[in-house]
1. How much of GLU29 can a 1.4 Å solvent probe reach, expressed as accessible area in Å² and rounded to 10?
2. Over the chain, give the accessible area per residue in Å² for a 1.4 Å probe, as an integer.
3. Can you tell me the 0 to 90 degree angle between the C-alpha axis of helix 410-419 and the longest principal axis of the chain, rounded to 10?
4. Jot down the radius of gyration and Dmax of segment 309-456, Cα atoms only, both in angstrom.
5. May I ask you to give the average projected area over all directions of the convex hull of the Cα atoms of segment 380-456, in nm² rounded to one decimal?
6. Select from VAL440, ALA454, PHE422 the residue farthest towards the positive end of the dipole of segment 399-456; place +1 on Cβ of Lys and Arg, -1 on Cβ of Asp and Glu, and compute about the Cα centre.
7. Let me check the size of the chain from its C-alpha atoms; what are the radius of gyration and Dmax in Å?
8. Take segment 148-227, drop everything but the C-alpha atoms, weight them equally and run the Debye formula without solvent; then report log10 I(q)/I(0) at 0.13, 0.18, 0.23, 0.26 Å⁻¹ to two decimals.
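The values are calculated or read from the model by the stated rules, or taken from the named source; none is laboratory data. Bear in mind the structure is a predicted one, so any value in this text is a computation, not a measurement. Cβ: placed from backbone, ideal geometry, glycine included. Neighbour counts: every protein chain shown. In case anyone asks, the SASA skips ligands and DNA or RNA and just uses the protein heavy atoms, side chains included. Shrake-Rupley method; radii C 1.70, N 1.55, O 1.52, S 1.80 Å.
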Amino acid sequence: MAKPQTRYVCQACGSVASKWMGQCPDCGEWNTLQQEAAAAVTPFVQKHSLKTGGRVLQMQPLDAAIELPKRLPTGFAELDRALGGGLVPGSAVLIGGDPGIGKSTLLLQAAGRMARAGHRVAYVSGEEAADQVRLRARRLGLADAPVQLAAATSVRDILTTMGQGAAPTLLVIDSIQTMHSDQLEGAPGTVSQVRAASLELISWAKTSGTALILVGHVTKDGQIAGPRVLEHMVDAVLYFEGEGRHQYRVLRAVKNRFGGTDEIGVFAMESDGLAEVKNPSCLFLTQREKAVAGAVVFPALEGTRPVLVELQALTVRLPSGATPRRAVVGWDSSRLAMILAVLEARAGLGFGGAEVYLNVAGGLRVVDPAADLAVAAALVSALLDLPVPGDALAFGEIALSGEVRPTAHPALRLKEAEKLGFTRALVPPGVAGVGALKAVPVSSVAALVDRIKAGA
């Protein structure tokens, strides 16, 4: 008998080492290597060739006729939007987010609505007892929803139960880090257990046609815990974002084999659970009676949905010799450093002796590069103490030369702004106005400064 080899697997990145080390050589994390038993290596295994002995695969042409996958509505239009139109039978979806953000609440509400619509839905909780889930369902008004509920952590027990009778339309596993497979040694949540449990559940979902939703824990960096291969195994990966102190929640798709990855769903946490936000722009805009220096509205584009948000900037002059501070909330800090450098080099504005603070109102995180012009306008307005008119907005990308470059879908952004009563917009050259909204072309950051001095 061959002696089984011992290996050490990093619980952070999944790399394998032959001996224990205090620091993982791949990801640099400390004390993450755990001992696992590897498969026995025999001379037959080493010499055996995989070129013969298997079954012959039936190859198919790429242009073979195929039907589009059917979609299952979840009862939440915002969740269906993030999924690309609804759940696909036989698909596996991974949802991650910070603790207490509302993942279990959202999935329990979706499960209850689908069960009331006539679908067979199963909800398996590995973190809470069944009575705890029932109490949450009662608070959400779903106590009478015909959802099949269980509290279990064994994948074998779950799949055996699901094999009794007809397969459910939807199976929710909350969470995958609590599941374990008895085919492997190791505690639940380890790299090998997460990989094995996910593989068994996903394989069963593919063969049975059940839509599978897995809830995943996140690390302190906001990434889904466990091996990154887990994100490759599933068909869609959704992140539930938002601050616990804010009312809104954003469901963002970062991977979707059956749809786009540029759509978001917006929810608001209320006393009776999560509610859909049909017009997110009203949620992220600050209601103010008069214009304030340093505040500029930006029409962000999340997928096909324009969302108007307010960018707020503040500059504070410091005594000579003091080190100024730069603080950013909701935007890229390195992008802010670039915009400050361009304003100093191309427009002659001095931010070196002032502290700079930038905030996206409402807690939304903006990744759209078209926010450059709005950020620059907010910084110039704050430095010069000249407010941008409340009926104006700005968008455009800024190059290192100080030039304002065009961005994608300007007409879509302006149509949303016109609906909310805005009358003018600082835009790159060549962008036409929409309806009653007038487009004010801005070719460079120097021209932007002149526009703000002239009252935009």
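1. About 80 Å², ignoring ligands and nucleic acids.
2. Each residue of the chain exposes 50 Å² on average to a 1.4 Å probe.
3. So the inclination is approximately 70 degrees.
4. Values for segment 309-456 (Cα only, Rg and Dmax): 14.8, 51 Å.
5. With the hull built on Cα positions only, its mean projection is 4.9 nm².
6. Towards the positive end, the residue furthest out is PHE422.
7. Considering the chain through its Cα atoms, Rg and Dmax are 26.6, 86 Å.
8. Ignoring solvent entirely, the Cα scatterers give -0.39, -0.72, -1.12, -1.35.
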